[in-house]
Structure formats: C-alpha cells, structure tokens
1. Percent relative contact order of the range A:1-69, based on C-alpha pairs within less than 8 angstrom and at least six residues apart?
2. In what order do B:66, B:119 fall by count of nearby beta-carbon atoms within 10 Å, going from fewest to most?
3. Could you state the per residue volume, in Å³, of the convex hull enclosing the Cα atoms of the range A:1-62?
4. Give the average, rounded to an integer, of partner chain Cβ atoms located within 10 angstrom of each Cβ in B:164-174.
5. Just want to confirm a number: the relative contact order over the range A:121-183, from Cα pairs under 8 angstrom separated by 6+ residues, in percent.
6. Please state the Cα pair-distance histogram of the range B:152-201 with 10 angstrom bins from zero: what percent is in each bin?
7. What's the average, rounded to a whole number, of partner chain beta-carbon atoms within 10 Å of each residue's beta-carbon in A:137-146?
8. Rank the residues B:61, A:40, B:22 as a footprinting-exposure proxy: fewest other Cβ atoms within 10 Å of their Cβ go first.
C-alpha cells in the first residue's frame, strides 16, 4: 500500500514484458484495495475473491496494453474491480428491483460488508469525509460508484431532475476532495 | 459542446452510459477545465477505493499467480509456441470465406491474420469472458460493451445439415436482430453490441433468416 505510483508503473511495465515477479509485486501492493473494493460491492467473501482473481488475470493478460499516460495502475485495477463486481451483483440480482437497491442504500449510507473493513486510518478519514456529505450527495456517489448506475438512472430511481443529480455529484466530489486529498497524499 | 462541462464528476464516478462516456472522453482531450476537474475527482475515487482496503486471504495470491503462470499475455504467442495454428486457421477460414463472405452480414468481421480481436476486447477494463456450456454448444464469449463488440469462439457445435447455417442474434428490448452467419468452427466478431443484450444462436436455412426460425441453441446474457 505504501508502494508509490511511479514504482507501481515500473513494476507494471516489467509485468508487461512477462516478468511474473514484477506482477507479484503489483499484486502485493494493490490486492487489499482490489479485494476490499470488490467486497464492498458484492458483499460476499467468496465472490470478492473471484472478482479479484479475474481482475488480476485480466491485468496480467493485458499488461502489454497498459498505458501509464491514460491513468494510474491503481485507477486501472480499481476500474476493472468495480466493473466486474457490479456486473456480478447485477447478474445475481437481476430479478431484484432497482428501487430495492436504492431503498437498502438509503438505510445504510456508508455501511460496511463486515467488521473487517475500515479499520485503517484512511478508511476512518474517508468515512468521516463521507459523513460530512448530505444524504442526497452520499446517495449520488454511492449509486454510481458502488452500484454502477448512470446519472440518468440515478435521476430516474430517485425522482430527481438530471441537472440536480449532476450538481450533487460535482459538489460531493469537491467536498470529499477538500477533506481527503491533501491528507491522502 | 458546453453541455459536457458538467459531466466530469459523473464520468469520474463511472456514471456515464457508454456512448456519453466516449463523447465526454473526446471532449476531455480538448478541455483543460474538465481535465483538471476529472484529475481532482480521480484522486478522490482513488482515496475512496484505498479506504476500503481489506487484506484478501493469502490463498488468493497463490491462485492468482498460478493462473498467471499459465496465462499468455496479449500480443504473445499462445502456449503452443508454434505460430502455425493461427496461420492455418486463417487459411482454412480464407477458403471458407472466399465462398461465403458475400453472404455474411456486415455485422460480422472475420478475424484477420495476426490480429487478435479477443485480446483487443479483453484489453478493455469492462471486458468479460463468458463460458458457454450448453448441451450441444460450448465455447467462449469475450465481450466489451464499451467497445460495442464481442468475439464468439466456439469449441463445440452441432453438425449442420445440407443447406443450413448458424445464425447469431443480438436480442434486445425490440427483439432479435440478425448478428451474423457462420458455418465453420472459427472465432467470429460481432459488432454493434449493446449493454444488456442476449447473444443467441440458431440454425437457419442457408442465407440466414430475418427472425429466428430454428430452436434457440444458446442464449448468453451480456453484461449490462
């Protein structure tokens, strides 16, 4: 987790030439993030492991196409983890109404899947920052980032005008950024 | 184009539908304001992801590295270490194609020598591989909704009778649309794929049908 982004990039570029040792180091530096993110979304240990495994095998296969100019290693892995995890949830819950998803979210704004999550200092700060958001800002972030809805779907599911949803997302990110980013780096 | 300026946050959160995301990315390449807003937002989502960090069970590391050990990377020869199969496959395909290509729907693109659409598709972060294991059909579907295409790579197909062809279908809210014809057991690319569609397969009379007339032999739910 303390591996710097430039060091991770170097490792990833090594992995791109078939260096499995470098890839193992990328895994060691990022597996907690990938697994934790997947776990937060799928809320099941075994499924989160499956998602994480798929993420890393895909990252290995496609390492030669990784372009540091287009984003960070962590961002790349996190995007894959989110998408795969959201896809798993959608497939397993395809019969469930979106309203139910929205409802369950509103009950538990920054709920954790298990006691295991969020003991870290960063986790604590993010939770505090998150609680500084209004309910509707929290909801807008969570429905997109954790549940994979588009902003149009958020508007539809919550009965809110599109412009308002976009504004909520911007203000939520700006507020989180003010609280988190200086400290985070 | 000013309408794009308020989409950076939704973009960063992954809240844009594919088409809009592509449009926004094009806009992003030229708009410093949005670049700066997106960069700030990505720091936030990185922090959010990092804040959820949970150590996975140690066994996962072993499983991942084992699979990595036997998984070829894109742009590299597969395990067989002989370049012949790809070539041979292409030659066989080319012969079949020479006879059949005129009849094949424009949506289907035959694999060209040396190029690996499966790899290109799997390079997308949203790509998913789906195993097909129906009673009479098995194979692999690699799909990227982001790229709007998929590869269907059958490993087992039923026999065709004389004057018959396999036909693929993309089934969406408005019903099945023809997605291409094939008669050989070779990987084919289907373009124009949209989120949430179902990839179907039937056997149809030579030349294909506008709507499925044969039994649906395979129905693969694509990611939404």
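1. Computed over the range A:1-69, the figure is 38 percent.
2. B:66, B:119
3. Convex hull volume per residue, Cα atoms: 75 Å³.
4. 0
5. Rounded, it is 40 percent for the range A:121-183.
6. Each 10 Å bin holds this share of Cα pairs: 24, 51, 23, 2.
7. Other-chain Cβ atoms within 10 Å of each residue's Cβ, averaged: 3.
8. B:22, B:61, A:40
Bear in mind these aren't lab numbers, they're just calculated from the coordinates by the rules spelled out. In this text, all values refer to a predicted model and were calculated from it rather than measured experimentally. When we count neighbours, we look across all protein chains shown, and the Cβ atoms used for this are built from the backbone with ideal geometry, even at glycine.
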